[in-house]
1. Based solely on its DSSP helices, what 222 nm [θ] is calculated for the chain when runs of n ≥ 4 H residues each add -39,500 (n - 2.57) and the sum is averaged over all residues, nearest 500 deg cm²/dmol?
2. If r is the Cβ-Cβ distance from residue 165 to residue 69 and R0 is 41 Å, what FRET efficiency results, to the nearest 0.05?
3. Using unit Cβ charges (K, R positive; D, E negative) and no other charged atoms, how large, in debye to the nearest 20, is the dipole of the range 113-176 about its Cα centre?
4. Give me the net charge of residue 137's neighbourhood, meaning all other residues with Cβ under 11 Å from the Cβ of residue 137; Lys, Arg count +1, Asp, Glu -1.
5. Please give me, ordered by residue number, the GluC sites (Glu not before Pro) of the range 94-174 that lie in loop per DSSP and have at most 14 other Cβ atoms within 10 Å.
6. Please identify, among 131, 179, 108, the residue showing maximal mean-square fluctuation in a Gaussian network model of the chain using a 10 angstrom Cα cutoff.
7. Only one of the values (i) 18.5; (ii) 19.5; (iii) 17.5 was calculated from this structure for Kirkwood radius over Cα pairs in Å; name its label.
8. Using Cα springs under 10 Å in a Gaussian network model of the chain, which residue among 50, 144, 109 shows the largest mean-square fluctuation?
Amino acid sequence: MATLLLLRHGRTTANADGGLAGRQPVELDETGRAQATAVGQRLRDLPLAAVVTSPLIRCRQTLDLALPAAEPVVEEGLIECGYGSWEGQPLKKLAKEPLWPVVQQHPSAAVFPEGESMAAMSARAVAAVRSWDARISAEHGPEAVWLACSHGDVIKAIVADALGVHLDLFQRIVADPASVTAIRYTPLRPFLVRLNDTGGDLTGLVPPPRKRRRRVTRAVDSDAAVGGGAGAAR
């Protein structure tokens with residue numbers, strides 16, 4: 001099957017200030033722009049069959065810097081979790097809310113006020129990448145590599161699904177700004193190939209072309225072919 005590269009956007013002004021951006025139109029800061037440019041150097045030699053992205057501006061800015069020649073397709077299923085009235089709030093303040101320990105320890109039960117549940121976020125994100133992966137595999141073959149740019153919690157939820165672990169364990173997974181995570185889906189199970197990679201060589205993630213088997217024709221003894229073997233001819 002194809003290889004999915006999950007790219008988290010670069011650092012934003014909200015990340016730097018310790019706020020929860022959510023779906024607000026926050027942009028990359030200077031560090032985030034440098035991160036996007038750097039990850040682009042690592043991605044430039046990969047033959048990407050497709051690039052899809054969350055509709056939020058921080059993801060689109062990341063791709064503009066990392067892959068300026070690409071034409072990303074917006075995928076609504078990759079948008080950040082809808083944090084509702086939590087959006088724009090400092091994390092230090094949110095840590096005092098009764099819902100905070102639920103988000104950290106039992107996220108599958110967390111529903112944000114005036115927002116989305118984490119379970120719903122996980123379900124639509126996983127459905128989106130699996131649908132894209134099946135489509136790209138069918139159109140471009142099992143050696144295809146494609147990229148999806150999204151957000152920390154979204155990527156962590158997709159990784160948890162690939163590992164076959166409950167969403168309640170997804171807070172143990174890390175997806176840093178501008179990191180690359182690689183997953184291969186197969187008919188039997190997904191494989192987590194790379195996690196939170198912020199500096200390694202990515203060319204090894206491109207599968208080698210499949211070698212076609214050659215048919216070998218041998219002349220066979222007529223007695224063996226009819227009788228089932230030399231012993232049968234005696």
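Here, each number is a calculation from the coordinates, and none is a lab measurement. Values in this document were obtained by computation on a predicted structure and should not be read as measured data. Positions of Cβ are generated from backbone atoms using ideal geometry, with glycine treated the same way; all protein chains shown enter the neighbour counts.
1. That calculation yields -10000 deg cm²/dmol at 222 nm.
2. Given R0 = 41 Å and the Cβ-Cβ separation, E is 0.65.
3. Rounded to the nearest 20 debye, it is 100 debye.
4. In short, 0.
5. Here the sparse-neighbourhood loop sites are 114.
6. Looking only at 131, 179, 108, the largest GNM fluctuation is found for 131.
7. (ii)
8. 109
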